[in-house]
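I have placed the structure first, in the form of structure tokens, so that the comments after it can refer back to it.
The values are calculated or read from the model by the stated rules, or taken from the named source; none is laboratory data. These numbers come from a predicted model, not from an experiment. For neighbour counting, all protein chains shown are included, and Cβ atoms are generated from backbone atoms with ideal geometry for every residue, glycine included. The protein model used for the area step is the full one, side chains on, heavy atoms only, and it has no ligands, DNA or RNA in it. Shrake-Rupley method; radii C 1.70, N 1.55, O 1.52, S 1.80 Å.
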Amino acid sequence: MPKILITDAIHEDAVEILKNVGDVEIATGLTPEELKEKIKDADAIVIRSGTKLTKEIIDVAKKLKVIARAGVGVDNVDLQAATEKGIIVVNSPDASSVSVAELTIGFMLSAARNIPQATASLKRGEWDRKSFKGVELYSKTLGIIGLGRIGQQVAKRAKAFGMNIVGYDPYIPVEVAKNMGIKLMDVNELCKVSDFITLHVPLTPKTKHIIGKEQISLMKKNAIIVNCARGGLIDENALYEALKDKKIRSAALDVFEQEPPKNNPLLTLNNVIGTPHQGASTVEAQKSAGTIVAEQVVKILNG
Ligand code: NAD
């Protein structure tokens with residue numbers, strides 16, 4: 001029986017799938033030294049973001065055929081070291097798309113109607129029916145930066161709210177946008193015309209601060225900006241200045257340049273709402289992240 005090592009918590013259904021094909025050992029919270037000891041004779045390892053598979057650790061593995069990352073990012077795996085040893089690395093990038101898209105829509109509605117601020121006020125014993133006047137999503141323009149898996153799921157849902165959708169993504173085929181009724185434009189134009197702006201691009205040298213001082217200065221006074229992608233996509237200093245001076249309406253953030261945020265001034269503003277990187281944190285996303293990679297591990301171990 002092949003040995004399958006699981007070093008971060010994954011969904012129980014995924015564990016069951018793996019138990020059908022191998023001896024499963026679950027060992028979380030390992031030190032690098034303990035991990036080296038356990039990975040030596042493993043045929044497969046299943047991780048999430050907690051386990052760091054450096055070259056030093058990968059080099060110890062004698063039988064490893066597959067590294068499975070339940071979830072999206074594989075920045076905790078030395079891909080070059082794995083490739084050099086012929087180890088296949090698999091992940092499940094689709095698993096959390098709907099969850100992140102739903103959080104995005106939730107943020108749009110929450111920011112539009114000041115739901116978190118009104119809840120906090122109510123719980124303080126206030127009955128303030130004047131301060132939280134909102135805006136509708138209906139017939140507003142939503143600008144989506146990045147029309148990949150998540151961006152497209154957001155577009156579908158925003159359409160159901162009767163929004164007009166514009167997008168910026170230089171890499172998707174024009175037909176894809178056309179078929180979804182999305183007008184493509186450059187990022188500055190998108191910032192000018194949108195009432196809501198949401199980011200769904202990866203963080204790369206090209207996309208770092210894709211929303212900077214210039215882009216924010218082009219936005220409408222009532223613009224609401226949502227970021228459920230990566231903190232570094234927005235220049236947080238420029239965003240803070242704009243929100244503080246009410247040059248734009250509000251921001252809803254799941255991600256921050258530094259996580260967890262330390263003394264981040266954005267979190268002192270009443271027109272900022274947020275969550276601690278919860279985009280993929282749903283029962284369904286965690287379950288499918290685990291089961292999708294477990295099935296890939298089974299295929300690889302079965303040759
Ligand atoms: P994806 O790869 O399917 O889509 C990304 C899109 O961005 C692609 O269509 C690509 O063409 C486009 N793009 C790349 N570079 C660009 C650029 N310079 N300018 C404009 N567009 C560009 O990725 P996805 O699954 O939709 O995920 C999007 C991002 O969401 C991820 O990169 C990740 O950072 C983030 N994410 C966050 C959470 C969370 O917990 N909040 C969970 C999953 C993913």
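Debye-formula intensities of region 119-172, expressed as log10 I(q)/I(0) at q = 0.23 Å⁻¹, are -0.81 (one equal scatterer per alpha-carbon, no solvent). Global size of region 1-145: 22.5, 67 Å for Rg and Dmax (C-alpha atoms, Rg to one decimal, Dmax whole). Near L184, the amide H atoms lying under 5 Å from its own belong to G167; only residues 5 or more places off or on other chains count, and H is placed 1.01 Å from N. If I take every Cα pair under 8 Å that is 6 or more residues apart in region 93-194, average their sequence separation and divide by the length, what percent do I get for the relative contact order? Relative contact order of region 93-194: 26 percent. Structural size metrics of the chain, computed from C-alpha coordinates, are Rg and Dmax of 21.9, 67 Å. Computed across region 42-90, the Kirkwood radius stands at 10.5 Å (inverse of mean 1/r, all Cα pairs).
Extending 7 Å from Cα along the Cβ direction at Y171 and again at R129 yields two label points whose distance is 5.1 nm.
Hydrodynamic analysis of region 98-210 uses the Kirkwood radius over alpha carbon pairs. Inserted into Stokes-Einstein at 25 °C and 0.890 mPa s, it gives a translational diffusion coefficient of 162 µm²/s. Contact order for the chain, expressed relative to its length and based on alpha carbon pairs under 8 Å spaced 6+ residues apart, stands at 19 percent. Between Y138 and Q258, the simple spin-label model (points 7 angstrom out along Cα→Cβ) gives 4.4 nm. Principal-axis analysis of the Cα atoms of the chain puts helix 97-113 at an angle of about 20° to the longest axis.
On the chain, 53 percent of the accessible area sits on carbon and sulfur atoms, based on a 1.4 Å probe.
Estimated from helices alone, the mean residue ellipticity of the chain at 222 nm is -10500 deg cm²/dmol (sum of -39500 (n - 2.57) over DSSP H runs with n ≥ 4, per residue).
Between the beta carbons of K192 and D94, assuming R0 = 30 Å, the FRET efficiency works out to 0.40 to the nearest 0.05. Largest mean-square fluctuation among K130, K40, K178, in a Gaussian network model of the chain whose springs join Cα atoms under 10 Å apart, belongs to K130. In the assembled protein chains, T31 presents an accessible area of approximately 70 Å² (probe radius 1.4 Å). Residues T54, T104, T291, sorted by accessible area with the largest first, give T54, T291, T104 [1.4 Å probe; ligands and nucleic acids excluded]. Label reach from L267 (point 7 Å along Cα→C-beta): in region 192-229, no amide nitrogen lies under 11 Å.
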